[in-house]
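Please read the structure below before turning to the comments.
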């Protein structure tokens, strides 16, 4: 049985996208599940972190070209899937630039040679890690996207994805928990180390907020509510209709999150680093679970 590969095909020509997808299916190397994007900006919205396993990216596109897309994607996500750069480029310097770009694993030359494609693609597919559908949260990437967008807009704070930490969070931690109901059923947790909670709350309030007080809880709760609205908006753009509950904000000490193999639900987790400290988001299917205080 062929393994399933989730691939995102990015080209400003709809005809070229059809040709690439047809050629990939005809290789017989995998059961490809395709998403399509018309340029780099469109692809940033269509990319599903933790689900998309392979990128096919046209080098020259309007608005955002292939190299710009890969660089922006790597800024947003600590772990990105390998990219196959699609090109008819004859400029030697441009090709050298693409060859040196981290994340570009291979090149697909136009016009597509199906035999060459199959031969070169086999090694790349064999190198992809196996994924389990039971650990996937469809559209779960909307949550870290919403966190990054709202913290940038409302707090002027850039948060960068980093490798996920071990499960236990030491010290005082502030949590904001929301339910998402509708076409998807999620429990969403936003977590802040104490320094991050104070820094985010102060920036959002426009002045210094004392640690641990009601003003901090109010600020984080209101900010979380705005994040919830952005999650709803991002899902709506994918024709996924939901409602998001008001957040519940609480303090915890030495929080422990059970590891995925022990959970009975799928979990998608993202960690971020910022100049005010560490924060994270967690999306779990179904009711709130997996948190031990």
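Hey, with R₀ at 30 Å, roughly what FRET efficiency would residue 185 and residue 113 work out to, going by the Cβ-Cβ distance, to 0.05?
Once the sixth-power term is evaluated, E becomes 0.05.
Report the extension gain between residue 275 and residue 106 in nm, rounded to one decimal, defined as 0.36 nm multiplied by the number of residues separating them, less their alpha carbon distance.
57.3 nm
Provide 52, 27 in ascending order of the number of other Cβ atoms located within 10 Å of each residue's Cβ, fewest first.
Sorted ascending by nearby Cβ count, the order is 27, 52.
Return 47, 192, 34 ranked ascending by Cβ neighbour count within 10 Å, so the fewest neighbours appear first.
Arranged by neighbour count, lowest to highest, 47, 192, 34 become 34, 47, 192.
Would you mind classifying segment 4-131 by shape? Square roots of the alpha carbon gyration tensor eigenvalues, ordered a ≥ b ≥ c; an a/c under 1.5 is rounded, otherwise it is prolate if a/b is larger than b/c and oblate if not.
rounded
Which of 251, 280, 186 has the fewest other C-beta atoms within 10 Å, and how do the rest follow up to the most? Don't jump to the answer; show the numbers that get you there.
On the way: 251 15, 280 25, 186 29.
Neighbour counts put them in this order, fewest first: 251, 280, 186.
A short reminder: the numbers here are calculations on the coordinates, not readings from a lab. If you're wondering where the values come from, they're calculated on a predicted model, not measured in any experiment. In this analysis, Cβ positions are derived from the backbone assuming ideal geometry, glycine residues included, and neighbour counts consider all displayed protein chains.
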